[in-house]
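For reference, the structure discussed in these notes is given below.
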Amino acid sequence: MDTRSKVYFDDIHEGMDIQSVTYGPMDRYSYIPIAIILRDTNPLHLDRVYARERGLPDVVQQGPLNETYLYRFLTDWLHRPWDLRKTKIRFAANVFPDDLLTCHGTVTRKYRENDEPRVDCQIWQENQKGEKILIGEATFTLPERSNDAGVALPPCGRSPGLSTV
């Protein structure tokens, strides 16, 4: 569970670090369901002998699985997961079993677009050796303290604006 405090647009300033979060250790057995979901049966992800024959220390974790930790880092910190507006991410290095992944972010810009408060940041993920695994950018929105009316979600199965009789 993420213990970081939720922040508001008013609290953000350029150059501010987003509190980092570490995930792991990575588990080779989590690669199997991801391989099935992605339909990626490349033996580099599943066969230790095959990976070692190609000069790698072990099987390689799938890139989209690495990305999920970076997205979780952001969406757990935002007030609502859908406040994440866009990302641009580059894969820089491989992840192996037992690696720890630490996600970081730094605010680079605070602005308004279409009357919505927006924040841009640099985001990256490192392993326990400090090697950058993923490098990218993210844009998200945050509520303003003065406008936070505690937006409620509709009950499950009902659309906003529709009444039940």
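Look at (1) in contact (Cβ under 8 Å) with a residue 60 or more places away in the chain; (2) assigned to a loop (DSSP other than H, G, I, E, B); (3) farther than 22 Å from K132 by Cα and you find that G15 fails only one, number (3). Quick check: anything in the range 62-70 surrounded by fewer than 15 Cβ atoms within 10 Å (Cβ to Cβ) and among the small types (G, A, S)? No, that holds for no residue.
Every condition in (1) surrounded by 17 or more Cβ atoms within 10 Å (Cβ to Cβ); (2) aromatic (F, W, Y); (3) modelled with pLDDT of 95 or more is met by F91 except one, and the failing one is (1).
Yes/no matrix, rows are residues, columns are (1) among the basic types (K, R); (2) at pLDDT below 95; (3) in a loop (DSSP other than H, G, I, E, B):
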position	(1), (2), (3)
T106	no, no, no
Y111	no, no, no
D120	no, no, no
W124	no, no, no
E137	no, no, no
S146	no, yes, no
P154	no, yes, yes
G161	no, yes, yes
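The number of residues in the range 17-30 being more than 18 Å from the chain's Cα centre (by Cα) and surrounded by 15 or more Cβ atoms within 10 Å (Cβ to Cβ) comes to 1.
The values are calculated or read from the model by the stated rules, or taken from the named source; none is laboratory data. Treat the numbers as computed from the prediction; the structure is a model and nothing was measured. Neighbour counts are summed over all protein chains in view; Cβ atoms, including those assigned to glycine, are modelled from backbone coordinates with ideal geometry.
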